[in-house]
Amino acid sequence: MTVHRKSNWYVYLLAFGITAAFVIMAILAFKWYLFPENTEEVGANKNGELTDDFHPTDDYNFNLITMLSDGSADAPELFMLVSYSAVDSRLIFVPLPSGISVGRDERTLPNIYAAQGGAGVVAAVENAVGVRCDCYIKMDRTSFCDLVSSFGNVEYSVRKTLIVKDGTETETFNAGLRLITGESIFRLMMIADFEEGESFRFNCVGELMSELINQNFRDVDTSLMDTYYQMITENAETNLTEVLYRSRKAALLNTIEYGSNPGEFYIPYGEYTDDGGFKISENSITSIRQRAGLE
C-alpha cells in the first residue's frame with residue numbers, strides 16, 4: 001500500500017524567510033565594512049592628494065572674516081576679509097577699519113561682535129562691502145601665535161625702528177630686513193603704535209600676512225593642511241565646517257602646487273567720520289568685489 005506523506009512546503013518557506021532576514025540584517029549591520037562609502041575629497045584621491053585631472057573653477061572660491069583679539073574672552077581688535085580665488089591661485093587679505101559698519105549698523109565691528117558674535121560681524125561686513133562670506137574665524141593671541149609658528153617665520157623689512165611695549169616686555173624692531181616670529185607678528189599688528197595712522201598699520205598687516213603665505217606655502221602638503229584645519233577648529237572660535245574645508249582643499253593644494261606668490265593684500269580707502277565711522281569709497285567697494293571675483 002502506498003503511503004502519501006503530507007507536504008511541509010510552508011515549513012521550508014518559513015525557514016528560508018527567517019534565514020534571508022538574518023542575512024539582510026547582517027549586511028545592514030556591516031555595510032560600512034563590506035561596502036565602504038566613498039570618502040574621497042573633491043579633486044583628491046583616497047590619500048587626500050591632488051588628482052591629475054583637477055581643474056580649478058570659480059566654484060572653489062571662498063571668502064571669510066578673520067578676527068584677532070588678545071585674550072579669548074576679549075572682543076576682537078583686528079578684522080580682515082580674506083578672499084581666495086581658485087582660478088587665479090590668489091589669497092587676498094583686506095584689513096577692515098572697525099568703523100566700516102557704523103554707517104549701516106550704527107555700531108563699530110567690536111561692538112557688533114560683543115552684541116551678536118561672529119555671525120553679526122559677518123553680516124555687517126557683507127552689508128558694507130557687498131561680498132558674501134562663507135565663514136568666520138576668531139583667534140586670540142595664543143591660537144594665532146601657535147598657528148603662525150607652525151606655519152613658519154617671515155623675513156620682513158621693517159620700515160622704521162619701533163619699540164613695542166607688551167606688558168612687562170619690550171621688543172625693539174630695528175628698521176631693515178629681519179626675521180619675524182609669530183609672537184612678533186602679533187605685536188606688530190596689534191600693539192605697535194604707528195604714528196602715521198591706521199592706514200600705515202594696515203599696510204604692515206597686509207605685508208606681514210601676504211609674506212607669511214608667500215614664504216611658506218610651498219612646504220604645505222595634505223597632512224599639514226589637515227593639521228592647520230584641526231588647530232583652527234579646536235583652538236579658535238569659528239563656524240568653519242569640515243564640509244566647506246574638504247570641498248575647497250583640492251583647490252588649495254592646486255595653488256600650492258602651481259601658484260606663485262599667492263598672498264596679496266588690499267587696503268580699503270574712504271573717509272573717517274566724526275561718529276567713529278569709516279565711509280568706504282564706492283570705488284574701493286568695487287575693487288574689493290573684483291578681487292573676490294564678483295565683478
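Values as computed for the structure displayed
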{"quantity": "Residues of the range 126-151 classified as of a type outside the set (Ser, Thr, Tyr), in contact with a Leu (Cβ under 7 Å, 6 or more places away or on another chain) and closer than 25 Å to residue 234 by Cα, total", "calculated": "8"}
{"quantity": "All positions within the range 247-269 that are farther than 14 Å from residue 53 by Cα, part of a helix (DSSP H, G or I), of a type in the set (A, V, I, L, M) and in contact with a strand residue (DSSP E or B) (Cβ under 8 Å, 6 or more places away or on another chain)", "calculated": "252"}
{"quantity": "Cross-chain or 6+ apart pairs with Cβ under 8 Å, the range 225-243 first and under 24 Å from residue 257 (Cα atoms), then hydroxyl-bearing (Ser, Thr, Tyr) and exposed (fewer than 14 other Cβ atoms within 10 Å of the Cβ)", "calculated": "227/150; 228/150; 231/150"}
{"quantity": "Residue count for the range 208-246, restricted to those that are open to solvent by 40 Å² or more (accessible area, probe 1.4 Å) and assigned to a helix (DSSP H, G or I)", "calculated": "16"}
{"quantity": "Enumeration of residues in the range 177-208 that are out of contact with any Asp or Glu (no Cβ under 7 Å at 6 or more places or on another chain) and over 30 Å from residue 270 (Cα atoms)", "calculated": "178, 180, 181, 182, 183"}
{"quantity": "Candidates 154, 125 - the one that is open to solvent by less than 10 Å² (accessible area, probe 1.4 Å), under 18 Å from residue 288 (Cβ atoms), β-branched (Val, Ile, Thr) and in contact with a helix residue (DSSP H, G or I) (Cβ under 9 Å, 6 or more places away or on another chain)", "calculated": "125"}
{"quantity": "Conditions (1) touching an Asp or Glu at 6+ places or on another chain (Cβ under 9 Å); (2) open to solvent by 60 Å² or more (accessible area, probe 1.4 Å); (3) over 23 Å from residue 281 (Cβ atoms); (4) not charged (D, E, K, R): number failed by residue 117", "calculated": "(2)"}
{"quantity": "Pair list, Cβ < 6 Å and 6+ apart or interchain, from the range 255-271 residues that are farther than 19 Å from residue 78 by Cα to residues that are open to solvent by less than 30 Å² (accessible area, probe 1.4 Å) and assigned to a helix (DSSP H, G or I)", "calculated": "256/217; 261/214; 262/255"}
{"quantity": "Tally of residues being under 20 Å from residue 97 (Cα atoms), buried (at least 20 other Cβ atoms within 10 Å of the Cβ) and at pLDDT below 95 across the range 247-277", "calculated": "1"}
{"quantity": "Among the candidates 149, 199, 157, residue that is of a type in the set (Gly, Ala, Ser) and under 23 Å from the mean Cα position of the chain (by Cα)", "calculated": "149"}
{"quantity": "In the range 87-96, the residues that are crowded, with 24+ Cβ neighbours inside 10 Å and touching a Gly at 6+ places or on another chain (Cβ under 9 Å)", "calculated": "94"}
{"quantity": "Candidates 138, 165 - the one that is touching a residue at least 24 places away in the same chain (Cβ under 8 Å), of a type in the set (Lys, Arg) and in contact with a strand residue (DSSP E or B) (Cβ under 6 Å, 6 or more places away or on another chain)", "calculated": "138"}
{"quantity": "Options 273, 241, 227; residue that is over 26 Å from residue 289 (Cα atoms) and out of contact with any Phe, Trp or Tyr (no Cβ under 8 Å at 6 or more places or on another chain)", "calculated": "227"}
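The values are calculated or read from the model by the stated rules, or taken from the named source; none is laboratory data. Keep in mind the model is a prediction, meaning the values are calculated, not measured. Positions of Cβ are generated from backbone atoms using ideal geometry, with glycine treated the same way; all protein chains shown enter the neighbour counts. We work out accessible area using only protein heavy atoms, side chains counted, and drop any ligands, DNA or RNA first. Shrake-Rupley method; radii C 1.70, N 1.55, O 1.52, S 1.80 Å.
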